[in-house]
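Data first, discussion second: the structure below is written as structure tokens.
Where a number appears in this text, it was derived from the coordinates with a stated rule and is not lab data. From a predicted model like this one, the values you see are computed outputs, not experimental measurements. Positions of Cβ are backbone-derived with ideal geometry, glycine not excepted, and every protein chain shown enters the neighbour counts.
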Amino acid sequence: MDNVSKQLQAKVEDYSRFVITLLIVSFYFYMGSLITVYLKPSSEGSITLMMLTTVSIVASFYFVLKWKKLKQTLAQNEQ
């Protein structure tokens with residue numbers, strides 16, 4: 001494996017970690033918004049938490065696309 005392939009492999013691993021982390025964070029934001037809405041009714045916090053949840057999910061989707069593209073590039077470099 002040359003240096004470029006090692007760097008691509010490291011990026012693939014980083015992006016997969018980013019995706020997992022962002023999905024966990026978005027789950028926590030979603031659960032926080034549910035707690036805010038149902039257990040302690042408040043309208044001001046739930047909108048912010050839902051926006052943060054949406055941003056986290058969109059960011060994780062972006063990293064999934066980057067991850068797939070890097071995996072394809074890595075597979076082409078190995079051939």
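Please state which one of Ile47, Ile20, Ile35 is assigned to a helix (DSSP H, G or I) and under 14 Å from the mean Cα position of the chain (by Cα). Even if it seems obvious, please write down each step before you answer.
Numbers: Ile47 fails: under 14 Å from the mean Cα position of the chain (by Cα); Ile35 fails: under 14 Å from the mean Cα position of the chain (by Cα).
Being assigned to a helix (DSSP H, G or I) and under 14 Å from the mean Cα position of the chain (by Cα) holds for just one of Ile47, Ile20, Ile35, which is Ile20.
Contact list please: Cβ distance under 7 Å, first residue in region 52-79 and free of Cβ contacts under 8 Å to residues at least 60 places away in the same chain and aromatic (Phe, Trp, Tyr), second residue surrounded by fewer than 17 Cβ atoms within 10 Å (Cβ to Cβ) and assigned to a helix (DSSP H, G or I), pairs at least six apart or on different chains.
Taking only residues 6 or more apart or on different chains, the pairs are Trp67/Ser16.
Mind counting the residues in region 12-40 that are within 30 Å of Asn77 (Cβ to Cβ) and of a type in the set (Lys, Arg)?
Of all residues in region 12-40, those within 30 Å of Asn77 (Cβ to Cβ) come to 12-23.
Narrowing further to those that are of a type in the set (Lys, Arg): 17.
Residues in region 12-40 being within 30 Å of Asn77 (Cβ to Cβ) and of a type in the set (Lys, Arg): 1 in total.
Can you find even one residue in region 60-67 that is aromatic (Phe, Trp, Tyr) and touching a helix residue (DSSP H, G or I) at 6+ places or on another chain (Cβ under 8 Å)?
yes
Hey, can you tell me all the residues within region 50-79 that are surrounded by 14 or more Cβ atoms within 10 Å (Cβ to Cβ) and over 20 Å from the mean Cα position of the chain (by Cα)?
Within region 50-79, Thr73, Leu74 meet the criteria.
Does region 6-18 contain any residue that is among the hydroxyl-bearing types (Ser, Thr, Tyr), out of contact with any Gly (no Cβ under 6 Å at 6 or more places or on another chain) and without any contact (Cβ under 8 Å) to a residue 40 or more places away in the chain?
Looking for residues that are among the hydroxyl-bearing types (Ser, Thr, Tyr), out of contact with any Gly (no Cβ under 6 Å at 6 or more places or on another chain) and without any contact (Cβ under 8 Å) to a residue 40 or more places away in the chain, one finds none in region 6-18, hence no.
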